[in-house]
């Protein structure tokens, strides 16, 4: 009888205990190998590094088939700070390549190196439709856990704000064909600092699918601001939960550089805190045409601590909230009575 009582007591305690809804996941959740930024943060007190090495080749029809060939290092550091919804980011791509300029005679070849992009900023989750009851696993129904539900398409929404930090670089405004003998490109000079904002959405649906969108406005208040979008679809497998694949479409538009890119790749979890990935991509146009392959790795240093809230704490919070409401109601009723009495006295 005592054993039965203890069992019931334990079940009651854990049944009334919940972990606060946050961004943290037990397994690393990397933005790689795609280019888009997820809505969720890595979680408070989690440091995550996402890096990769890519080889790329570009050719520009409008510049007499001038070519760029080289490699780039992608590096992103993410850290959850103060709140589960908040994340700090440092994101850069450093490229070293060879430019072959065929618009002049003799042909010019130039070895270059510099930041293709370099920014720091913060991202905050401003809307999360996922409730506690949505995370409860129904052991009696596969459809409830992994089936399609229309409400799962309602996205989480986050807002990123940051600043571009661009030291002297041959890739002003992200353009890789800045040819000095063409007047427009010769006069290009990107400011060392410029703001950027990104609105991100994310929908997790049907158990194994994730849809992410990014809508960006970059290099704000410069001579050549840039608009962009990224749409990423990720799928993980029931048969092998460590493996996932993605496809992505990215569009970029400015007066200096415009492009539409298609990408795809795979990622594989080596453990809770490690992921490797492989991806490739290319453009739909020939001004320039481009292709790339990338190999990357992501890892995290996990110091996250779950914030536990018991039913007693919730009840106390609800009780104190109720008392405040009652006090406000009493004060309001008292004021109404005073007004009524003053009117009666005047009559």
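The values are calculated or read from the model by the stated rules, or taken from the named source; none is laboratory data. None of these values were measured; they are calculated from a predicted model. Heads up, the Cβs are rebuilt from the backbone with ideal geometry, glycines too, and the neighbour counts pull from every protein chain shown.
List of remarks:
- Hits in the range 213-225 - residues which are buried (at least 19 other Cβ atoms within 10 Å of the Cβ) and either assigned to a loop (DSSP other than H, G, I, E, B) or at pLDDT below 95 (or both): 219
- Of all residues in the range 146-162, exactly one satisfies the criterion of being surrounded by fewer than 15 Cβ atoms within 10 Å (Cβ to Cβ) and either at pLDDT 90 or above or under 21 Å from residue 96 (Cα atoms) (or both), namely 161.
- Filter result for residue 210 (buried (at least 16 other Cβ atoms within 10 Å of the Cβ) and either under 22 Å from the mean Cα position of the chain (by Cα) or in a strand (DSSP E or B) (or both)): yes
- Qualifying residue in the range 277-289 (condition: assigned to a strand (DSSP E or B) and more than 23 Å from residue 55 (Cα to Cα)): no
- Restricted to the range 149-178, and to residues there that are out of contact with any strand residue (DSSP E or B) (no Cβ under 8 Å at 6 or more places or on another chain) and in a helix (DSSP H, G or I), the residue that is nearest to residue 94 (Cα to Cα) is 172.
- Near pairs, Cβ below 6 angstrom, 6+ apart or cross-chain, from the range 80-96 (over 24 Å from residue 52 (Cβ atoms)) to any residue that is assigned to a strand (DSSP E or B): 81/88; 84/44; 85/124; 85/125; 86/124
- The listed residue being over 22 Å from residue 170 (Cα atoms), under 22 Å from the mean Cα position of the chain (by Cα), part of a strand (DSSP E or B) and touching a residue at least 12 places away in the same chain (Cβ under 8 Å), out of 194, 228, 203: 203
- Residue within the range 88-97 that is modelled with pLDDT of 95 or more and surrounded by fewer than 15 Cβ atoms within 10 Å (Cβ to Cβ) present: yes
- Filtered residue count, the range 168-184, keeping only those that are in contact with a helix residue (DSSP H, G or I) (Cβ under 9 Å, 6 or more places away or on another chain), at pLDDT 90 or above and either surrounded by fewer than 17 Cβ atoms within 10 Å (Cβ to Cβ) or more than 23 Å from residue 69 (Cα to Cα) (or both): 1
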